[in-house]
1. In whole Hz, with x marking every Gly and Pro, tabulate ³J(HN,Hα) for region 17-29 from phi via Karplus 6.51 cos²θ - 1.76 cosθ + 1.60, θ = phi - 60°.
2. Taking other Cβ within 10 Å of each residue's Cβ, how do S31, S15, S55 sort, fewest first?
3. Which whole number in µm²/s is D for region 19-90 by Stokes-Einstein, with the Kirkwood Rh taken over Cα pairs at 20 °C and 1.002 mPa s?
4. Report, by chain and number, residues whose modeled amide H sits under 5 Å from the one on L56, excluding near sequence neighbours (fewer than 5 apart, same chain).
5. From the phi of every residue in region 76-84, what ³J(HN,Hα) in whole Hz does the Karplus formula 6.51 cos²θ - 1.76 cosθ + 1.60 yield, where θ is phi - 60° and glycine or proline is x?
6. Of the trypsin sites (Lys or Arg not before Pro) in region 22-95, which ones lie in a loop per DSSP and count no more than 14 other C-beta atoms within 10 Å?
7. Work out, step by step, the length gained on full extension between S55 and D30: first 0.36 nm times the residue separation, then minus their alpha carbon distance; give nm to one decimal.
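Read the figures in this text as sums done on the coordinates, not as results from a lab. What you see is a predicted model, and the numbers here were worked out from it, not measured in a lab. Heads up, the Cβs are rebuilt from the backbone with ideal geometry, glycines too, and the neighbour counts pull from every protein chain shown.
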Amino acid sequence: MDSDVGFGDPHVIDSSQPVWLSFMDERTKDSGYAKADLRSGQVNVLLEEPAVVNSLTKAEDVDRYALRIQRWDDSPDVFVGGTDLSDLQQVTVRTHSNPITRGVTQN
């Protein structure tokens, strides 16, 4: 969103540019991001995870994006990648184990 446009101000979406969409599957609770072409109506899912995926942020001067992914059994992690989100790299490191799941074995 343009930082010069305040909440409630009229804003026109440029239909020649793709629009980023955040989504959540109500059945599986998977979430992620997609891009939509408003002219063709085509939607391309870029990332879908069995987790909460949010906080998509674009770098100012390059086509790099950061986002956060968290699951019920793992603290939030920040990932960075390119415009199609296919090359995401985790940039956060967990420094301690989760006290809630410590000692719990996975089946």
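1. Taking θ as phi minus 60°, the curve returns 10, x, 10, 7, 10, 9, 9, 9, 6, 5, 7, 8, 6 Hz for region 17-29.
2. Working: S31 18, S15 10, S55 13.
Arranged by neighbour count, lowest to highest, S31, S15, S55 become S15, S55, S31.
3. Values: Rh = 12.8 Å.
Using the Kirkwood radius from Cα pairs, D works out to 168 µm²/s.
4. R68
5. x, 10, 9, 10, 10, x, x, 5, 9
6. Details: sites: R27, K29, K35, R39, K58, R64, R68, R71, R94; in loops: R27, K29, R39, R64, R94.
Here the trypsin sites (Lys or Arg not before Pro) that fit, given the DSSP loop and packing criteria, are R27, K29, R39, R64, R94.
7. Taking S55 through D30 to full extension adds about 7.5 nm, to one decimal.
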